[in-house]
Amino acid sequence: MIKHIVLALTLVTATFSTLAAPFVEGQHYTQISNNMVTSTPKVTEFFSFYCHNCFNMESQYLPDIKAGLDKNVAFETKHVDFMNSDLGTEVMRSLAVIHEIGQAEKLNHAMFAAIQGDKGANGHDHNAQGHQHQSQINSREDIKKVFSQFGVDSSTYDKLADSTDTDKKLSLWRQQQVMYKVQSVPTFIVNDKYAINMNEMHSLDDLINVMNYLALKK
């Protein structure tokens, strides 16, 4: 159902070596758009709450990645639509709601855990043979139960989830998923122009450095 990449997340044990800049197009990154560089340099993570590598990335690496980005580089997240189902759309809407109300770190973790179980934070594959965890998210009502734990009442959730802005946001995410040929998650897109080749990232420093290089590339 969800396509995964085999992350070069030897990031856990890899030495923090730094690739020599400039990085090589076609090896370390691919230009996926002819768009002009955005006015605000940014890194966009395309991910899914169903992806165990994404949960691992969220829990173990994103805090260091965000801290390592140049102060002028923004970081944003978008949810892919690999499921193409009513439930998949509801889960996508949950991220749009998180963007509006904040508490991203807590709510992202709660959504990941509700779907995958807490072990997913350590790269545990909930689709692995013999795994017994059942997702707690099977409807919007289930999602609202997660959000209610963080002070978001049902009416507030519905208002944000069903807003025109949320509909536009989901439409944009789907369009960009196709435009940028996002076929696996997590995928990092820089300035709406470059896709990072995760298989060539051999340490966390490599990943952070190529993000900064591409984001500030003239």
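The values are calculated or read from the model by the stated rules, or taken from the named source; none is laboratory data. Remember, it's a predicted structure, so these values are computed and weren't measured experimentally. Ideal geometry is used to build each Cβ from the backbone, glycine not excepted, and the neighbour counts take in all protein chains shown. All accessible areas refer to the heavy atoms of the entire protein, side chains included, with ligands and DNA or RNA removed. Shrake-Rupley method; radii C 1.70, N 1.55, O 1.52, S 1.80 Å.
One line per residue, one yes/no per condition, for (1) under 14 Å from P41 (Cβ atoms); (2) surrounded by 16 or more Cβ atoms within 10 Å (Cβ to Cβ); (3) in contact (Cβ under 8 Å) with a residue 60 or more places away in the chain; (4) hydrophobic (A, V, I, L, M, F, W, C):
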site	(1), (2), (3), (4)
W173	no, yes, yes, yes
Q177	no, yes, yes, no
Y180	no, yes, yes, no
S184	no, yes, yes, no
N191	yes, yes, yes, no
E200	no, yes, yes, no
M211	yes, yes, yes, yes
L214	yes, yes, yes, yes
Output the number of residues of the stretch 35-72 satisfying the condition of being open to solvent by less than 50 Å² (accessible area, probe 1.4 Å), farther than 24 Å from V178 by Cβ and either in contact with a Ser or Thr (Cβ under 6 Å, 6 or more places away or on another chain) or of a type in the set (G, A, S) (or both).
2
Pair list, Cβ < 8 Å and 6+ apart or interchain, from the stretch 26-39 residues that are modelled with pLDDT of 95 or more to residues that are of a type in the set (S, T, N, Q)
Q27/N197; H28/N197; Y29/N197; T30/N197
Take the conditions small (G, A, S) and free of Cβ contacts under 8 Å to residues at least 40 places away in the same chain and apply them to S154. Does it pass?
yes
Working only within the stretch 149-205, note down all residues that are in a helix (DSSP H, G or I) and within 14 Å of S33 (Cα to Cα).
Q175, Q176, Q177, V178, M179
Just to be sure I understand the filter: pairs with C-beta atoms under 7 Å, separated by 6 or more residues or on different chains, first member in the stretch 70-90 and in contact (Cβ under 8 Å) with a residue 12 or more places away in the chain, second member assigned to a helix (DSSP H, G or I) and open to solvent by 20 Å² or more (accessible area, probe 1.4 Å). Which pairs pass?
D70/N212; V73/N212; F75/K66; V80/Q177; D81/R174; D81/Q177; E90/R140
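Looking at this structure, is D70 in a loop (DSSP other than H, G, I, E, B), over 16 Å from N197 (Cα atoms), at pLDDT 95 or above and in contact with a Pro (Cβ under 9 Å, 6 or more places away or on another chain)? Break it down into steps so the answer makes sense when it comes.
Values: in a loop (DSSP other than H, G, I, E, B): yes; over 16 Å from N197 (Cα atoms): yes; at pLDDT 95 or above: yes; in contact with a Pro (Cβ under 9 Å, 6 or more places away or on another chain): yes.
Yes, satisfied.
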Please determine, by comparing only the residues of the stretch 73-109 that are open to solvent by 20 Å² or more (accessible area, probe 1.4 Å) and among the small types (G, A, S), which one is modelled with the lowest pLDDT.
G102
